[in-house]
């Protein structure tokens, strides 16, 4: 029997279900209560100063982009832009939608697009993920509802960014309040308006009643939404089953099995684009010698039983991945990847050849569940490698890597900002930036070629070379695609998406 703690009382799942029946038999106020928070609170709800996945969920409710990417077909559709035309290799012209207003009443037009694009692309303004914006040269206003967007060089994946992380801000408001003000009182054109923010505790939204101009995102299906930051998953489960929340996206595989058996609730494990990997300090940024040796990295790749990890701990729609990108992403050539099968004896042989017949000790870092790391550490121990686990919050680990480089081995993952192009993951980590622990000039050059050529076949050829070398040199050991584990009240019209973005505004209640 699994036990959860609620209001100081230990209750079983069955017991919590009984509480739920009496405490909250069903939705009656046209509202939705969501819980998230196991990866830590949003560092800043300003979309351009956040890298947390839940921050991305927040942004899609509050702001819109120029373009919408349909999450099931990956088709691009008009959003704030009604049409577009490529004027030359480095210039897109967008015709903008008329009659749209921001939540504060400020009308949307070309001034907002020009301001947003020019502000975020200025490195002095410190946008958190420069990869998302540093391809933009400048934006210029043609007329009130026409904008030319100039790129520094041909950038074939521009629409992945324009339909993803690049949200449009109100120029007058943002110029006045900046990131701090936007983080306190966000203003967008999206389907939900922010009512209040209590950082790391609660975000309250209400339906944007003016969202009636035909957005392909669709209008909000509830009049009010409350998001509660609950870091402890056990508490989330207790709250769900006792009627305190309606849906959570943070639970474990075991919770899915348990909650799925409780009448009145559904739970599922939906596959996502998020790619997990073990990274190695192959470049020696932290002066740890073993991981700079290819045979050591190969040995560690052969020592880890990824299939067993997926089967026993990740489960659901997860599967072993051999590429440093998600297989559906443009350019992610699975045939080019060098594959490493589970082979402990070969691992031991490679370690001896590398000069470590008795193995060695290594620091292992992650922000993911300890049982995942412990399974990996158990495999490594069987070939003589003793790993010492340091579990840190994501932001602390990210900053440690960028500022110190002292993480010889790390289990991490990347959701590609939900973009279906391998430039959104592989190029981020292997083009000599702060997250690059390979620092391979050849790989960086191939990725740059793939990132900047308009010919799809040239792009594919360049990316193929990068995939082959990254896997051959074991700069990363790709692990698996993540699942997102959801649990929710069965009356909720809930749809999981592969791009790992729950469209909470789309979720309404089934009619009784």
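The values are calculated or read from the model by the stated rules, or taken from the named source; none is laboratory data. Everything numeric here is computed off the predicted structure, so don't read it as measured data. Note that each Cβ is placed from the backbone with ideal geometry, even for glycine, and that neighbours are counted across all protein chains shown.
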Can you spot a residue in region 318-325 that is in a strand (DSSP E or B), at negative phi and touching a helix residue (DSSP H, G or I) at 6+ places or on another chain (Cβ under 6 Å)?
yes
I'd like to verify a number: residues in region 129-168 that are surrounded by fewer than 19 Cβ atoms within 10 Å (Cβ to Cβ), in a loop (DSSP other than H, G, I, E, B) and either under 16 Å from the mean Cα position of the chain (by Cα) or modelled with pLDDT of 95 or more (or both), how many?
4
Residues of region 450-461 being surrounded by fewer than 20 Cβ atoms within 10 Å (Cβ to Cβ), at pLDDT 95 or above and over 21 Å from residue 339 (Cβ atoms), which ones?
457, 458
Residue hits (region 383-409; buried (at least 16 other Cβ atoms within 10 Å of the Cβ) and touching a helix residue (DSSP H, G or I) at 6+ places or on another chain (Cβ under 6 Å)) are 383, 387, 407, 408
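Can you pull out the residues in region 357-373 that are in contact with a strand residue (DSSP E or B) (Cβ under 8 Å, 6 or more places away or on another chain) and either outside the structural domain of residue 278 (by TED's automatic domain parsing) or surrounded by 14 or more Cβ atoms within 10 Å (Cβ to Cβ) (or both)?
Step one: of region 357-373, the residues in contact with a strand residue (DSSP E or B) (Cβ under 8 Å, 6 or more places away or on another chain) are 359-368, 370, 372-373.
359, 360, 362, 363, 364, 365, 366, 367, 368, 372, 373, listed by residue number.
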Index of the failed condition, residue 311 passing every other in (1) without any contact (Cβ under 8 Å) to a residue 60 or more places away in the chain; (2) more than 23 Å from the chain's Cα centre (by Cα):
(2)
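Would you pick out the residues in region 108-128 that are in contact with a strand residue (DSSP E or B) (Cβ under 7 Å, 6 or more places away or on another chain) and not in a helix (DSSP H, G or I)? Let's see the steps before the verdict.
Taking region 108-128 first, the residues in contact with a strand residue (DSSP E or B) (Cβ under 7 Å, 6 or more places away or on another chain) are 108-111, 113-114, 117-118, 121.
Listed by number, the residues that qualify are 108, 109, 121.
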